[in-house]
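The values are calculated or read from the model by the stated rules, or taken from the named source; none is laboratory data. This one's a predicted model, so the numbers in the text were calculated from it and none came from an experiment. Note that we place each Cβ from the backbone using ideal geometry, even for glycine, and neighbour counts take in every protein chain shown. Accessible surface areas use protein heavy atoms only, side chains included; no ligands, DNA or RNA. Shrake-Rupley method; radii C 1.70, N 1.55, O 1.52, S 1.80 Å.
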Amino acid sequence: NQMALENYKKWLKKKFYVPSKLKKDIPNPVQSGVYIPSWTFDTNSFSNYKGRLGKTYTTTVGSGKNRRTVTRVRWFRISGVHQKTVDDILICSGKQLSQNDLEKISPFNTNDSYVYDNRYLAGHVAEHYELDLKDGWSKAQNIIRTQIRSEILSKYFYDRIDYLEFTPVYTDIKYKYVLVPIWISHYIHKNKKFIFYVNGESGKISGKYPVSALKVLMTVVLIAALIIGVLLFIYFN
């Protein structure tokens with residue numbers, strides 16, 4: 001697919017650590033259009049939560065030669081109710097793509113999915129699901145729990161967590177089985193294979209790319225020089 005290739009070339013040219021020579025002469029990759037099987041879930045969640053968070057602060061203690069600054073934690077308890085509506089959370093159920101890779105090239109417009117017709121698959125490959133509905137829902141719940149935890153904690157000002165407990169109750173659970181279109185591509189650079197993925201709807205890209213050892217070394221040297229410069233400035237002032 002020419003659009004996927006052009007998007008990848010533009011994406012690669014924005015990566016600082018890609019070797020300059022490769023940016024000028026990007027090899028044409030081997031591409032294949034694949035429909036990845038996925039489950040989507042809608043639900044409403046309700047959670048009672050409680051926990052104990054803390055905020056660190058510094059204070060001066062002692063006197064005379066024993067006077068010093070110490071760091072302490074001011075703990076406080078939290079509790080409340082959290083409600084969340086989940087719309088089409090996407091769970092990869094194939095084996096050619098990981099959940100993490102799928103999330104990197106998401107979103108897909110699964111709310112406007114079409115009823116299956118084999119004509120859509122002309123010239124492409126489609127996987128059958130490896131992850132069944134039950135396991136897909138279990139995986140979705142783990143992701144939802146992570147989101148709920150983050151949303152609860154975002155309500156508070158803290159830098160320490162003692163504990164946070166909550167058990168979501170899910171209602172109005174709905175699901176769909178969908179095939180999402182992606183391009184899986186790869187090319188060889190210095191005898192190494194680099195794979196990248198392209199969202200077949202939006203062109204969003206994620207994947208591996210070569211890294212210039214010289215550019216990495218230059219970055220390390222520059223950071224080291226800056227640190228030394230700051231330390232010398234502090235020492236002589």
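Observations on the structure shown:
- Candidate set from segment 50-72 (those that are open to solvent by 100 Å² or more (accessible area, probe 1.4 Å) and within 30 Å of ILE148 (Cα to Cα)); member that is nearest to the chain's Cα centre (by Cα): LYS50
- Residue list for segment 78-116, restricted to those being of a type in the set (Asp, Glu) and either part of a helix (DSSP H, G or I) or open to solvent by 70 Å² or more (accessible area, probe 1.4 Å) (or both): ASP87, ASP101, GLU103, ASP112
- In the set (1) open to solvent by 90 Å² or more (accessible area, probe 1.4 Å); (2) not in a strand (DSSP E or B), TRP75 fails one condition alone, (2).
- Residue list for segment 126-156, filter: open to solvent by 60 Å² or more (accessible area, probe 1.4 Å), at pLDDT below 95 and touching a Lys or Arg at 6+ places or on another chain (Cβ under 9 Å): GLU130
- Members of segment 1-56 that are in a loop (DSSP other than H, G, I, E, B), farther than 30 Å from LEU217 by Cβ and free of Cβ contacts under 8 Å to residues at least 24 places away in the same chain: none
- Members of segment 198-236 found to be part of a helix (DSSP H, G or I) and open to solvent by less than 70 Å² (accessible area, probe 1.4 Å), listed by number: LYS215, VAL216, THR219, ALA224, ALA225, GLY229
- Of the listed requirements (1) touching a residue at least 40 places away in the same chain (Cβ under 8 Å); (2) within 18 Å of TYR177 (Cβ to Cβ); (3) touching an Asp or Glu at 6+ places or on another chain (Cβ under 7 Å), HIS82 misses just one: (2).
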